[in-house]
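Every read-out reported here was derived from the displayed coordinates using simple, explicitly stated rules and does not represent laboratory data. This structure is a prediction, so every number in the text was calculated from the model and none was measured. Cβ coordinates were reconstructed from backbone atoms using ideal geometry, including for glycine residues, and neighbour counts include every protein chain displayed.
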Amino acid sequence: MFAIVPLLFFAIIGLAAYYMASRIAFATGIGKWWLFAGLFVLAFFAINSMMAAKNYYPVLHPVVVVLSAMVGVFLYMLLVMLLTDIVNIFAHFQPKTFGLIVAAGTVLISLFGIVNTSWPRLKTIDIELPKLTEPVRIAQLSDVHLGHFRGRRNLEKLVNIVNRTDAQMVVITGDMFESFYNLKPETLEPLKKLSVPVFFVSGNHDMYVDVDSVKRLMREAGVNVLENSMTECCGIQIVGLDYMRPDDRTFDHMHAGVGRETIENTLPTIALDSTKPSILLHHNPVGAEYAERAGIGLYLAGHTHGGQLFPVTLVNDRIFNFNRGLYQHGSLQIYTSEGSGTFGPPMRVGTKSEVTLIRLKPGK
């Protein structure tokens, strides 16, 4: 069973590389098999570099940056080629024209994706929260992914956006870091400019890097780190869970520990006052049924990036029950942020980098 996964991985890369080599050969006259070998090797290392980017080897930093970006470039070169080939059935482009269309389309989409993710937007949503007695404003950050592509300057940009709002607290729903690169106290200095309480729960990438170091650095920056615990702010019970599976019957591809805490068995251990409003912070928007059972009114999460890149956005809508935006699950409301950072290629196409201002109002 497990042998099928790498075989399928190699087959997909091989087919994509062969098709792209054939079309580049058509446009340029270069030998197809040389192109195929080069594209296959480059694509293989690019994807593996993206997956192993958490490791910090200073000498390899430029290599990781270039190869991770190439994953996005390859994706859009493939899509533009396919679209151009469909049009070519009727248009009959000359080889040089075909090549120019593919090159221009790939460059334009890739540049758009890079610029789009570098410009985080403030998204404001209104939510009615039962048992709330007066309006409360919460700024949510998620999936900042500090590492090879993002550091102190990027975090400062996000903090400045939050400080321009009238938020009364800030919650950070995981994946603050994605690499040992930039895992240092000065990276988090901008957080000290926030003048309201800040709460953090860890995500899967924080775990891949070194979750204990991430939590220590967050505490040193003045952040309240919630570890399967509850605190109160603005009259609201804030419950924060470490990254975990929803229950023992669910397999987690992001390596939440088997045999460890789950949302199902952890929430009942946290004493909640049923007369007060409550919010759950957990990185991955799973286990909604257990949050509802515990009397939680609002579940804030991230993790999905909304798919980050089209057409992955279409796949994500089918993988995640709560992919992006606001959802209702019985008496529970769930808001999944698209996040402000990226995983792998530093691009967003079909999604936006967001900072969310959640305006809570008393509800029935």
Along principal axes, largest first, the alpha-carbon spread of the chain in whole Å comes out as 72, 40, 38
Once amide hydrogens are built 1.01 Å from N within the peptide plane, the residues lying 5 or more places from SER229 or on another chain with amide H under 5 Å from its amide H are GLY240
The whole-number value in µm²/s of the Stokes-Einstein translational diffusion coefficient for segment 73-195, with Rh from the Kirkwood sum over alpha carbon pairs at 4 °C and 1.567 mPa s, is 71
Largest fluctuation, THR97, THR313, THR173 only, Gaussian network model of the chain with Cα springs under 10 angstrom, belongs to THR97
Ranked from fewest to most other Cβ atoms within 10 Å of their own Cβ, TYR18, TYR299, TYR76 fall in the order TYR18, TYR76, TYR299
Cα-based Rg then Dmax for segment 243-364, in Å, read 15.2, 45
Here segment 332-340 yields Karplus 3J(HN,Hα) values (6.51, -1.76, 1.60; θ = phi - 60°; whole Hz; Gly and Pro given as x) of 9, 9, 10, 10, 10, 6, 6, x, 10
In Å, the Kirkwood hydrodynamic radius from C-alpha pairs for segment 4-117 sits at 15.2
Computed, not fitted: 222 nm per-residue ellipticity of the chain from DSSP H runs ≥ 4 (each -39500 (n - 2.57)), nearest 500, equal to -13000 deg cm²/dmol
Listed by chain and number, the lysines with an alpha carbon less than 26 angstrom from that of LYS361, same-chain partners under 8 positions apart left out, are LYS123, LYS131, LYS276, LYS352
Helix 32-51 sits off the longest principal axis of the Cα atoms of the chain, rounded to the nearest 10 on a 0 to 90 degree scale, by 10
Among beta bridges assigned by DSSP with both residues in the chain, the antiparallel ones amount in percent, to the nearest 5, to 30
